[in-house]
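Colleague: Have a look at this one.
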Amino acid sequence: MKDIAKKPYIYEIEPTNHCPYKCIMCPLGLGKMTRPKGFMKLEVLSTLLSQFPGEQKLVRLHHFGEAVMHPEISTMLEMINDQDLIPILSLNPATLTPVLVEKIISGMKKGAVCFSLDSFSDQGLSKIRGIKRSFKD
């Protein structure tokens with residue numbers, strides 16, 4: 001029988017389940033997810049980070065919401081870096097604004113940003129993500 005880890009492996013953390021998209025592949029975007037919308041409290045993130053096993057270094061901030069919509073995303077990134085962990089953000093490029101880019105840069109001393117690119121056209125962005133916005137904006 002294998003040894004059971006004393007601390008859990010935390011695959012991903014969902015800072016928020018708010019999302020501006022209506023993605024065709026997502027239960028939230030399709031309206032099938034009915035749990036209340038909210039933003040994770042910083043105290044909850046702190047508790048989760050304190051439980052990370054020493055061998056785990058990556059903290060993936062993503063699930064059904066658009067993580068960067070959390071009003072304290074910069075602080076969350078700083079908290080992760082302060083624990084000597086590496087934040088990984090996953091986001092849709094259409095979400096980015098100059099203010100949001102600055103929040104990410106100021107909070108993330110080290111880490112990575114993964115962009116979810118499903119299309120390179122306005123029509124594709126509208127069809128897949130459910131938003132009507134110019135891809136070039």
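Colleague: Name the residues of the range 25-50 whose amide N is less than 14 Å from a point 7 angstrom out from the Cα of Asp82 along the C-beta direction?
Modeller: Those under the cut-off are 42-50.
Colleague: Another question about this same structure. For the chain, rounded, prolate or oblate, judged on the Cα gyration tensor with a ≥ b ≥ c (square roots of eigenvalues), a/c < 1.5 rounded, else prolate if a/b > b/c?
Modeller: It comes out prolate by the Cα gyration axes.
Colleague: A further question follows. Expected output is a single nm value to one decimal: the length gained when fully extending between Lys57 and Val113, i.e. 0.36 nm times separation in residues minus the C-alpha distance. What is it?
Modeller: 18.6 nm
Colleague: Every cysteine in the chain with no other Cys Cβ under 4.7 Å from its Cβ, please list them in numeric order.
Modeller: For the chain, the answer is Cys19, Cys114, because their Cβ atoms have no other cysteine Cβ under 4.7 Å.
Colleague: Then there is this: Among the GluC sites (Glu not before Pro) in the range 17-117, which ones are in a DSSP loop with at most 15 other Cβ atoms within 10 Å of the Cβ? Mind listing them?
Modeller: When the GluC sites (Glu not before Pro) of the range 17-117 are filtered for loop state and at most 15 Cβ neighbours within 10 Å, Glu55 remain.
Here, each number is a calculation from the coordinates, and none is a lab measurement. All of these numbers come straight from a predicted model, not from anything done at the bench. Backbone-built Cβ (ideal geometry, glycine too); neighbour counts: all protein chains shown.
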